[in-house]
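Down below is the structure, laid out as structure tokens.
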Amino acid sequence: SGRFLRSWGDDLIGQAHGLRIDRHDNVWVTDIGHHLVLQFNSKGKLLLALGTSDKPGEGRDQFNKPTDVAFGPDDELYVSDGYGNNRVVKFTTKGKFVTTWGKPGTGRGEFNLPHTILVDRKGRVVVGDRENNRVQVFDNNGKWQATWTGIAPFGLAEDSDGAIYVADGRANQVLKINPKTGKVASRWGSKGADPGQFQLPHMLAVDGKKNLYVVEILGQRLQKLRR
């Protein structure tokens, strides 16, 4: 309903960028200010911190402005380490480093700002390669599988049927993507401040009833779109 319940993080988070909730109701935040990935319980207690605070880098225990996180079927964690490193980093559920892939570029497995990430119902790692205007799809160890072009993916979400939604910040629209073909099945919105319009949509989420929640940077608001 949008009624305020509580907040936390002023004493911990430098600049919150991405936010995801795992299947255990833990809240994960990517902090591009301190170069950290933080796990909280639903009450705001800090459970885990990945990265080295205020020390950006390419090491196993470092990020450089990480943008988003995603969760695998065994609670493994994938981080799009996007603004500085152009890579994906995989960890166990306990935060142990597993592998990493990606480098700057336009080829397969290369990125120009991996801005958002999810693991779909097939176990594929879907990465929004924002400044390359495409989505890249990998297996769970980073092997390239597909590229979907013509999309500016600022945010990604998946519904219970496996359809993938994209917050396209350049088009000021929300796109519904066919997960088999990567083609746009439908789209909503246009640039503007009216209900149903968007001003740089940045991230989105979908609930169990397939309602969409879209947050905007320039609009500075959250909109709920009913199925």
Residue match in the range 136-159 (condition: open to solvent by 50 Å² or more (accessible area, probe 1.4 Å), of a type in the set (A, V, I, L, M) and either without any contact (Cβ under 8 Å) to a residue 40 or more places away in the chain or more than 19 Å from VAL215 (Cα to Cα) (or both)): no
Test for THR67: is it among the polar types (S, T, N, Q) and either within 19 Å of GLU131 (Cα to Cα) or open to solvent by less than 20 Å² (accessible area, probe 1.4 Å) (or both): yes
Some residue of the range 182-197 being within 21 Å of the chain's Cα centre (by Cα), of a type in the set (D, E, K, R), under 20 Å from ARG134 (Cα atoms) and surrounded by fewer than 13 Cβ atoms within 10 Å (Cβ to Cβ): yes
Single unsatisfied condition, VAL98 versus (1) touching a Leu at 6+ places or on another chain (Cβ under 7 Å); (2) open to solvent by 40 Å² or more (accessible area, probe 1.4 Å); (3) assigned to a strand (DSSP E or B); (4) not charged (D, E, K, R): (1)
Filter result for ARG121 (under 24 Å from PRO201 (Cβ atoms), open to solvent by 10 Å² or more (accessible area, probe 1.4 Å) and basic (Lys, Arg)): yes
Any pair with Cβ under 7 angstrom, 6 or more apart, that starts in the range 92-107 at a residue that is at pLDDT below 95 and of a type outside the set (D, E, K, R) and ends at one that is surrounded by 13 or more Cβ atoms within 10 Å (Cβ to Cβ) and not in a loop (DSSP other than H, G, I, E, B): THR93/LEU77
Strands (runs of 3 or more DSSP E) within the range 1-84 that include 3 or more residues farther than 20 Å from VAL214 by Cα: 36-40, 46-50, 77-81
For ARG226: the one exception among (1) touching a strand residue (DSSP E or B) at 6+ places or on another chain (Cβ under 8 Å); (2) open to solvent by 70 Å² or more (accessible area, probe 1.4 Å): (1)
Qualifying residue in the range 74-88 (condition: among the aromatic types (Phe, Trp, Tyr), under 15 Å from the mean Cα position of the chain (by Cα) and open to solvent by less than 40 Å² (accessible area, probe 1.4 Å)): yes
Condition met for THR116 (of a type in the set (Ser, Thr, Tyr), open to solvent by less than 20 Å² (accessible area, probe 1.4 Å) and out of contact with any Phe, Trp or Tyr (no Cβ under 6 Å at 6 or more places or on another chain)): yes
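The values are calculated or read from the model by the stated rules, or taken from the named source; none is laboratory data. It should be emphasised that the depicted structure is a prediction, and the values quoted were computed from it without experimental measurement. Please note: Cβ atoms are built from the backbone with ideal geometry, for glycine as well, and neighbour counts cover all protein chains shown. Surface accessibility is based on the protein's heavy atoms, side chains included, excluding ligands, DNA and RNA. Shrake-Rupley method; radii C 1.70, N 1.55, O 1.52, S 1.80 Å.
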